[in-house]
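To start, the structure itself, in structure tokens.
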Amino acid sequence: MEYSKKMMFDKDAFDLLIDNDKELFQSLLELFCKDWPQIIVNLKQANKTSDSKAVEHNGHRIKGNLKNFYANELSELALGIEKLGQQGIFQGLDESIDSLEAGLKKLEEELKAHFSHFS
């Protein structure tokens, strides 16, 4: 999936949610940046070991993080991964995890850039 041209999150909705609270933004950003790489590791490991519960759990976990930032497209992708885990389906999971990882990297860059210009 190509993410280079459009924003990964809804800046306006996110800014409204946090009500110009820079400390809250920093807190959410730090938690996100610390959390998502481990979730990707967990998803890849769960896929290797066919651990559907771990796929479901980690898909759900990252989906919640993404909803904080109004990253709707990535949230839908995470929901799809969560559902694959619920159904015990591993076909196509590699590609979904790779797409999610690429999107998360881009989202992190965008969030950091937005934070650096945040009032």
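Using each residue's phi in region 32-44, evaluate 6.51 cos²θ - 1.76 cosθ + 1.60 at θ = phi - 60° and report the 3J(HN,Hα) Karplus result to the nearest Hz, with x for Gly and Pro.
With the stated coefficients, region 32-44 comes to 4, 5, 7, 7, 5, x, 5, 5, 5, 4, 4, 5, 5 Hz.
How large are Rg and Dmax for region 1-59 when only the alpha carbon atoms are used, in Å?
My reading of the Cα-based Rg and Dmax gives 15.4, 43 Å.
To the nearest 20 Debye, how big is the dipole of the chain about its Cα centre, given +1 on the beta carbon of each Lys and Arg and -1 on that of each Asp and Glu?
240
When the chain is fully extended, how far beyond the present Cα-Cα distance does Leu16 get from Phe118, taking 0.36 nm per residue of separation?
35.5 nm
For region 100-117, just list the computed ³J(HN,Hα) in residue order, Karplus coefficients 6.51, -1.76 and 1.60, θ = phi - 60°, integers in Hz, with x standing in for Gly and Pro.
So the J values, rounded to whole Hz, are 4, 4, 4, x, 5, 4, 5, 4, 4, 4, 5, 5, 5, 5, 5, 5, 5, 9.
For an R0 of 22 angstrom, estimate the FRET efficiency from the Cβ-Cβ distance between Lys83 and Lys6 and round to the nearest 0.05. Show your work: numbers first, answer last.
Details: r = 24 Å, r/R0 = 1.10.
Efficiency computed from Cβ-Cβ geometry: 0.35.
Helix-derived [θ] at 222 nm for the chain: sum -39500 (n - 2.57) over DSSP H runs of at least 4, divide by residue count, nearest 500?
-26500 deg cm²/dmol
With contacts defined as alpha carbon pairs under 8 Å and 6 or more residues apart, what's the relative contact order of the chain in percent?
34
Could you give the alpha-carbon Rg of the chain over 2.2 N^0.38 Å, rounded to two decimals?
Numbers: Rg = 14.5 Å, N = 119, 2.2 N^0.38 = 13.5 Å.
Rg over 2.2 N^0.38 Å, computed on Cα atoms: 1.07.
Coordinate-derived values only; no laboratory data. The shown structure was predicted, so the numbers you read here are calculated from the model rather than taken from an experiment. Cβ: placed from backbone, ideal geometry, glycine included. Neighbour counts: every protein chain shown.
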